[in-house]
Amino acid sequence: MSDKISEINRRRTFAIISHPDAGKTTITEKLLLFGGAIQTAGAIKAKKVGRHTTSDWMELEKQRGVSVATSVMSFEYDGMVLNLLDTPGHADFSEDTYRTLTAVDSVLMVIDSVKGVEERTKKL
């Protein structure tokens, strides 16, 4: 039983939320890169770079340049298992974001320094 408890204790699940175009997916890519889960960070609009982001894997997400569904990426870092959830910021997909918030240990909210705290961000 203690093996199960120690395995549970080394896991952390957190979500990244914000209004559209604040940088959620870019931060997700950087965390995956710095955590050693990927070797090269992708780009939201990958025509020039040639590599899409890890979390925006659906064709619709690649075409629109926005997250449509919450993506979960797991990786080990410093003895911990991190579950990173990149959530949609667009209002059309807000229900997915709200459901995601019920399943996480903590949340990182990204605020765009130019746009400030938007109405959508307050609601989240």
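Using a 1.4 Å probe and counting only protein heavy atoms, arrange Ile8, Ile27, Ile16 so the residue with the most accessible area comes first. Don't skip to the end; give the middle numbers.
Numbers: Ile8 115, Ile27 60, Ile16 0 Å².
Accessible-area ranking of Ile8, Ile27, Ile16, largest first: Ile8, Ile27, Ile16.
3J(HN,Hα) along the stretch 25-38, derived from phi through the Karplus expression 6.51 cos²θ - 1.76 cosθ + 1.60 where θ = phi - 60°, amounts to 5, 5, 5, 4, 4, 5, 4, 5, 5, 5, x, x, 7, 10 Hz, with x in place of Gly and Pro. For Ile38, the residues 5 or more places off, or on other chains, whose built amide H falls under 5 Å of its own are Leu33.
The values are calculated or read from the model by the stated rules, or taken from the named source; none is laboratory data. Predicted model only: the values in this text are computed from it and were never measured. Side chains are part of the model used for accessible areas, which takes the heavy atoms of the whole protein and leaves out ligands, DNA and RNA. Shrake-Rupley method; radii C 1.70, N 1.55, O 1.52, S 1.80 Å.
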